[in-house]
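The structure under discussion appears below in the form of C-alpha cells.
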Ligand code: ADP
C-alpha cells in the first residue's frame, strides 16, 4: 500500500510524457504541411509568371514588329496573368478563412435562383462541350436556405465548374435538393470522369490533383475544393462525395432550411 503513491506518480509522469510526445508529433506534422504548402505555392506562382515573362520578353526582343504573332503573344501573356490573379485571390480567401478573419453572414435566400445564376455564368463553357445544365426542381418551386449567400455562391461556382471541367464532352450537370429534417441537402451531380477511390480523401487538400499534369491545362488553381471544404465547415457541416471512375461524381452538403418571408432581394453577383 505504501508503494501506491509512487505508482501513481509514475503513471502521471508516463501520461505527461505521452501527451508531450503527441504534441511534438503534431507540431512536426504541421511543420511538414507548411513546408510542403510553401513549396507548392512557389511552384504554382512560378508557372504563370514564367509564361507571361517569356511572352513579354519575346515581344520586346523583336516579336512586337511581327504583326502575325504579337496579338497572340499578348493574349497568352494576359491569360497567364489572369491565372495568376485567380490563384492569388484563392490563396487570400483560404488564408482569411484560416485566420478566422471571415465572419459568416447568415441570410435567408433562394438557392434555386442562385443555381440558375451559376448556370448562366457557365452556359457558354457547357454548350461548347455539349453538356446540359439542369436544375431538377419543378418550375417555380423555390428552395430557401439560411446560410452565407456569397460564400455558398462560391461553393456552387466551384462545384459546377469542376463538374463541367471534368466531363470530357456530352454529358449533364444536375443540381437537385432534398429535404432532410430541418435542412436541405444540395447535390451537384456530373457524368464525367469520376474520382478513383484512393484519391477521394485527398481531393480537398490544397493543390491536390488526381491527374497531376493534365488538369493544370484546364485552368483551375487546385484550391477550389479546399475553399469549398472550408466554407462548408464554417457552416458547421461537411461536404460528401460519391464517385465512380468513368461514371461520374456527386458532391453534396446540407444547409439549414430558410424562410421565404425573411429572404431579401437576391444579391447581384455579376
Ligand atoms: P482544380 O483547380 O485542379 O480543379 P480543385 O480543388 O477544384 O482543383 O479539385 C481538385 C482535384 O479533384 C481536381 O484536380 C480533380 O482531379 C478532382 N476533381 C474535382 N472535382 C471533380 C469532378 N467533378 N470530377 C472528377 N474529378 C474532380
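A short reminder: the numbers here are calculations on the coordinates, not readings from a lab. These numbers were taken from a predicted model, which means no experiment stands behind them. A quick note on method: Cβ atoms are made from the backbone with ideal geometry, for glycine too, and the neighbour counts reach across all protein chains shown.
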Legend entry - Inter-probe distance in nm under a simple model that places probes 7 Å from Cα toward Cβ, at residue 45 and residue 95: 0.8
Inset, instruction - Taking the chain as the reference, fit the longest principal axis to its C-alpha atoms, fit the long axis of helix 224-234 to the helix C-alpha atoms, and give the angle between the two in degrees, 0 to 90, nearest 10. - result: 50
Legend entry - Nearest-ten-degree value, helix 4-60 long axis tilted from longest Cα axis of the chain: 10
Legend entry - In range of the label at residue 69: residues from the stretch 34-53 whose backbone nitrogen is under 16 Å from the point 7 Å along Cα→Cβ: 51-53
Legend entry - With Cα atoms, 0 to 90° folded angle of helix 67-98 axis to the chain main axis: 20
Legend entry - residue 21 versus residue 120: modelled label distance in nm, points set 7 Å from Cα along the beta carbon direction: 6.1
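What is the extension gain from residue 199 to residue 180, computed as 0.36 nm multiplied by their sequence separation minus the C-alpha to C-alpha distance, in nm to one decimal? Intermediate results must be reported in sequence, preceding the final value.
Values: separation 19, 0.36 × 19 = 6.84 nm, distance 2.85 nm.
In short, 4.0 nm is gained.
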Legend entry - Cα-projected label distance for residue 35 with residue 209, points at 7 Å along beta-carbon direction, nm: 2.4
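Which order do the peptides 122-135, 249-262 come out in when sorted by mean C-beta neighbours inside 10 angstrom, highest first? Provide the component values of the computation, followed by the final result.
Values: 122-135: 14.6, 249-262: 17.4.
Ranking, from highest mean packing down: 249-262, 122-135.
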Legend entry - the chain: relative contact order in percent, alpha carbon pairs under 8 Å with at least 6 residues between: 19
Inset, instruction - Determine, for each peptide in 6-18, 83-95, the mean count of other beta carbons within 10 angstrom over its residues, then list the peptides with the highest first. - result: 83-95, 6-18
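Sort 171-179, 238-246 for me by packing, meaning the mean count of neighbouring Cβ atoms within 10 Å per residue, highest on top. Let's see the in-between values first.
Details: 171-179: 18.1, 238-246: 13.8.
Output ranking for 171-179, 238-246: 171-179, 238-246.
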Inset, instruction - Would you mind pulling out the separation of the Cα centroids of the stretch 25-67 and the stretch 89-126, in Å? - result: 26
Inset, instruction - From the P(r) of the chain, can you give the percent of Cα pairs sitting at distances over 30 Å? - result: 44
